[in-house]
1. Kindly indicate the residue of region 210-254 that is of a type in the set (Asp, Glu) and surrounded by fewer than 16 Cβ atoms within 10 Å (Cβ to Cβ) and also nearest to residue 171 (Cα to Cα) among those meeting that condition.
2. Looking at 206, 202, 182 in this structure, which one is within 16 Å of ligand 3 (Cβ to nearest atom), more than 19 Å from the chain's Cα centre (by Cα), more than 20 Å from residue 64 (Cα to Cα) and assigned by TED's automatic domain parsing to the domain that holds residue 66?
3. Could you please tell me which pairs satisfy a Cβ distance under 8 Å, a separation of 6+ or placement on different chains, a first residue in region 74-98 that is over 23 Å from residue 307 (Cα atoms) and β-branched (Val, Ile, Thr), and a second residue that is within 10 Å of ligand 2 (Cβ to nearest atom) and part of a loop (DSSP other than H, G, I, E, B)?
4. Mind listing just one residue for me: the one in region 345-359 that is over 16 Å from the mean Cα position of the chain (by Cα) and part of a loop (DSSP other than H, G, I, E, B) and, of those, farthest from residue 36 (Cα to Cα)?
5. Filter region 240-259 for residues that are more than 22 Å from residue 386 (Cβ to Cβ) and touching a helix residue (DSSP H, G or I) at 6+ places or on another chain (Cβ under 7 Å) and give the result.
6. Pull up region 223-252, narrow it to residues that are of a type in the set (Gly, Ala, Ser) and either in a strand (DSSP E or B) or within 16 Å of ligand 1 (Cβ to nearest atom) (or both), then point me to the one that is farthest from residue 374 (Cα to Cα).
7. Does residue 374 satisfy the condition of being more than 16 Å from ligand 2 (Cβ to nearest atom), over 30 Å from residue 61 (Cα atoms) and of a type in the set (Gly, Ala, Ser)?
8. What do you reckon, is residue 223 under 18 Å from residue 77 (Cα atoms), among the β-branched types (Val, Ile, Thr) and modelled with pLDDT of 95 or more?
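The values are calculated or read from the model by the stated rules, or taken from the named source; none is laboratory data. Just so it is clear, the model here is predicted, and its values are computed rather than measured. Glycine gets a Cβ as well: all are built from the backbone with ideal geometry, and neighbour counts include every protein chain shown.
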Amino acid sequence: MHWLRFLVTWIVLLGLGLAIPGCNSPPDRARMGPLILISIDGFRWDYLQKHEAPTLRRLAAGGVHATRLTPSFPTKTFPNHYTIVTGLYPAHHGIVGNWFYDPDAGTTFGMSKPESNTEEHWWAQGEPVWITAERQGVHSFCYFWPGSETQNHGLRPNRFKPFDGKIPTNERVDELLRWLEGPDAERPGLCTLYFDVVDTKGHKFGPDAPETAAAVAEVDAAVQRLLDGLARLGLRDRANLVLVSDHGMSPCGPDRIIFLEDLMNMAQVQVDATGPVGGVRPKPGTITAAELAAQIRAKVPPQLHVWLRDETPERLHYRGNPRIPDVVLLADDHWNFESRTGWPVRAPTYNRASHGWDPATPNMGALFIGSGPAFRHGVELPDVENIHVYNLLCAVLGVQPAPNDGDQRLVRAALRR
Ligand code: AMP
Ligand code: ZN
Ligand code: ZN
């Protein structure tokens, strides 16, 4: 009878294994088309209704749509793109801003410094989904994504393209489609694609401007072009699409600026980042961070919030990492803080709209649409935090996620299995 009990135990264990979330039997990869993760930078949650976006509306109505994808703090491009692909808050994945200083490395990370995209140490605190996939035998092609141009613990996406913002929207689609030609066996399980024009026009002209509406229409048409190309490759009904944005967009301007010089002795500080969000550190051998915070608080206007790194509100999940400025500064919606250096010259071209404010600000809400055979049809979800997207991507790919800050609620609400 011993062998019988042994057999029964294994049958029960196998059955349980199939029922545990994250331990699902892998989807039939030979049949499954790629999962295409598309970011439309700066696509505010309500652009879907505000502007003409027939393709996106159709995908949202026929698939899974979250009313508002809540970004992580700070609501900037690099931190949020890396949160979406790691499931980690920025304090945990280490890309704590578009610009930040690392006291251990003694250097500054910068979104427009090409070496920041390729130096592994900046990105190594998080495991992006293409690395999770690669570890488990699923290949990836990244057509632009912050963090995709570097090795991560010795691994890389199978194919990636160094960022070049000058490549026109449609050309990005066409090149990705060329990458997808060829036999099923050579196709990747995961692709990323990125569009920046909606963010660029939003900054320059504002969320309601006709130029921003035209950018939305341009990207909407590019997504339709992708769908048509997938149909030509026989992948239209097999591919899964996840469309996200990193943050929203809110009006601002040179008339609503708080100047750092009015609040602190600039000779004593290093400025890590300015704008809606950022911060400062005392220069070595000057004053303590607590003294600097007290100095700022003595003069601060009501539109600016001042916190020591480890005293930021808990709901922002922005503590602990030494890359976070010693003194974190956050302005209210529509307000920015800046240095007076070069100011009168900078004022006329200052952003007409921006992002970086508190993720709870309505204008910071972002986009989420899931569409394809893995997704339910016609599901409208309420607000979803973007830390949950990584687990969803892993579930669609049938890979086990690395430990992260998200949970399985989005997976359960969005997927058919
Ligand atoms: P933001 O200033 O936060 O609005 O960032 C948007 C800008 O980030 C875009 O206009 C791009 O120029 C830039 N960007 C986006 N992805 C990348 C990338 N992978 N590498 C370098 N720059 C990027
Ligand atoms: Zn962005
Ligand atoms: Zn932007």
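1. Looking only at region 210-254, we keep the residues that are of a type in the set (Asp, Glu), and these are 211, 218, 220, 228, 237, 246.
Pick out the ones that are also surrounded by fewer than 16 Cβ atoms within 10 Å (Cβ to Cβ) and you get 211, 228, 237.
Values: 211: 20, 228: 14, 237: 23 Å.
Selected residue: 228.
2. Values: 202 fails: more than 19 Å from the chain's Cα centre (by Cα); 182 fails: within 16 Å of ligand 3 (Cβ to nearest atom).
That would be 206, the only listed residue that is within 16 Å of ligand 3 (Cβ to nearest atom), more than 19 Å from the chain's Cα centre (by Cα), more than 20 Å from residue 64 (Cα to Cα) and assigned by TED's automatic domain parsing to the domain that holds residue 66.
3. If the second residue must be within 10 Å of ligand 2 (Cβ to nearest atom) and part of a loop (DSSP other than H, G, I, E, B), the pairs left are 84/246.
4. Restricting to residues being over 16 Å from the mean Cα position of the chain (by Cα) and part of a loop (DSSP other than H, G, I, E, B), the top hit is 350.
5. 254
6. We begin by selecting, within region 223-252, every residue of a type in the set (Gly, Ala, Ser); these are 229, 231, 234, 239, 245, 248, 250.
Next, from what is left, pick out any that are either in a strand (DSSP E or B) or within 16 Å of ligand 1 (Cβ to nearest atom) (or both): 245, 248, 250.
Values: 245: 20, 248: 27, 250: 34 Å.
Once the filter is applied, the top-ranked residue is 250.
7. Judged against the criteria, residue 374 is not a match.
8. On the way: under 18 Å from residue 77 (Cα atoms): no; among the β-branched types (Val, Ile, Thr): yes; modelled with pLDDT of 95 or more: yes.
Taking the combined requirement at face value, the residue does not satisfy it.
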